[in-house]
Amino acid sequence: MNFFLGCAVWAYKGWIDELYPQGTRAAEFLHLYSRRFTTVEGNTTFYAVPNQETIARWANEVPPGFEFCLKLPRDITHKGLLQPSIPGALQFLEVTSPLGKHLGPVFAQLPPSYSPAYLDDLTAFLEAWPRTEAPLAVEVRHRDWFNEPHVSILTNLLEKLGVGRVLLDSRPIYTGEDDPQLNSERRKPQLPLQFSVTAPFILIRFISHPNLSTNQPFMEEWVTQIQQWLQAGKRIYFFVHCPIEERWATPRLWRSPGTARYFQKLLSQHGTEIPPLPWNKLDYPPNQLSLW
């Protein structure tokens, strides 16, 4: 399986009645989520690292083929230089080892303050990461990384080491009608999108707009790109976020699970060779997607 689809988290009570049946308990979220999607971003590890017992329980709750793409803790990536945090990064990998085959690529999200001036520091960190044990991807947020000569330097470094570059697409939330609630939630950076592939795998973080029609042109662009990458043998992880996940009063507004499922349908409609979404095999239908 070379295409994985999911959201940023699994433990969200607001998805009951859309992703989870009524009456679902929090302890059941991961089990049910992993029977609907094939991967999760695992954003939770950015804020706190669970113990190995918890990690082992995660591994036991998900079916074969499901993968966690965990974010390195902010104590590693957001405390200045990366080199002093190499021991902590290796410890993180050790703690998450009970996931076994369920551990997908790990990714490091670097803060906007981490500029190309720290290239040597970044190089040392990437070289120290045991890439044969766990693939690694990097998300850069300082604008200079997107300009020459820095973009080429970064690309060459990542290609040399086989490290992926996270592709963050926040275009949808900066497009469409002006909404006061959405404006207050626009915390994702507005950065250029560069379709840069530096490793055998690709991590895509799609920041969706609650209006599906606003997402449509961007999703269609991703369909074309994903088809090309799959034909080239790349392994793709596509994560859908939505800045506002509260329960909407009107069915025309979409949250990340519904948008992700719609994207899977869009890929299938265009003849993309991807495995069926587990969610589509369930008898329990989401209310929002009954509009299809």
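Confirm whether GLN22 is loosely packed, with under 14 Cβ neighbours inside 10 Å and either modelled with pLDDT under 95 or touching a Ser or Thr at 6+ places or on another chain (Cβ under 9 Å) (or both).
So GLN22 passes the test.
Screening ILE244 with (1) in contact with a strand residue (DSSP E or B) (Cβ under 9 Å, 6 or more places away or on another chain); (2) modelled with pLDDT of 90 or more; (3) not acidic (Asp, Glu) gives one miss only, at (2). For the stretch 224-240, the set of residues classified as within 18 Å of the chain's Cα centre (by Cα), over 13 Å from ASP169 (Cβ atoms) and hydrophobic (A, V, I, L, M, F, W, C) consists of TRP229, LEU230, ILE236, listed by residue number. Counting only helices (runs of 4 or more DSSP H) that fall entirely inside the stretch 20-106 and contain at least 1 residues that are among the acidic types (Asp, Glu), the qualifying elements are 52-61, 74-77, 86-95. Applying the condition of being touching a residue at least 40 places away in the same chain (Cβ under 8 Å) and in a helix (DSSP H, G or I) to the stretch 139-157 and asking which residue is surrounded by the fewest Cβ atoms within 10 Å (Cβ to Cβ) yields ARG143. Looking at the structure I just gave you, is GLY258 modelled with pLDDT under 95, small (Gly, Ala, Ser), more than 18 Å from the chain's Cα centre (by Cα) and surrounded by 13 or more Cβ atoms within 10 Å (Cβ to Cβ)? Judged against the criteria, GLY258 is not a match.
Number of residues in the stretch 211-224 that are within 16 Å of THR272 (Cα to Cα) and crowded, with 16+ Cβ neighbours inside 10 Å equals 3.
Scan the stretch 116-136 for residues that are free of Cβ contacts under 8 Å to residues at least 40 places away in the same chain and part of a helix (DSSP H, G or I) and the total you get is 8. Here is a list: SER213, SER196. Which entry is hydroxyl-bearing (Ser, Thr, Tyr), modelled with pLDDT under 95 and in a helix (DSSP H, G or I)? Unique residue meeting the criteria: SER213.
Residue by residue, here is whether (1) surrounded by 16 or more Cβ atoms within 10 Å (Cβ to Cβ); (2) modelled with pLDDT of 95 or more; (3) among the small types (Gly, Ala, Ser) holds:
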residue	(1), (2), (3)
GLY6	yes, yes, yes
GLY14	no, no, yes
LEU30	yes, yes, no
TYR33	yes, yes, no
GLY42	yes, no, yes
ASN51	no, no, no
TRP58	yes, yes, no
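Can you confirm whether PRO135 is closer than 24 Å to ASP169 by Cβ and either exposed (fewer than 14 other Cβ atoms within 10 Å of the Cβ) or under 19 Å from the mean Cα position of the chain (by Cα) (or both)? Against the criterion (closer than 24 Å to ASP169 by Cβ and either exposed (fewer than 14 other Cβ atoms within 10 Å of the Cβ) or under 19 Å from the mean Cα position of the chain (by Cα) (or both)), PRO135 qualifies.
The values are calculated or read from the model by the stated rules, or taken from the named source; none is laboratory data. Not measured: the values here are computed from a predicted model. Counting neighbours? That spans all protein chains shown, and the Cβs are built from the backbone with ideal geometry, glycine included.
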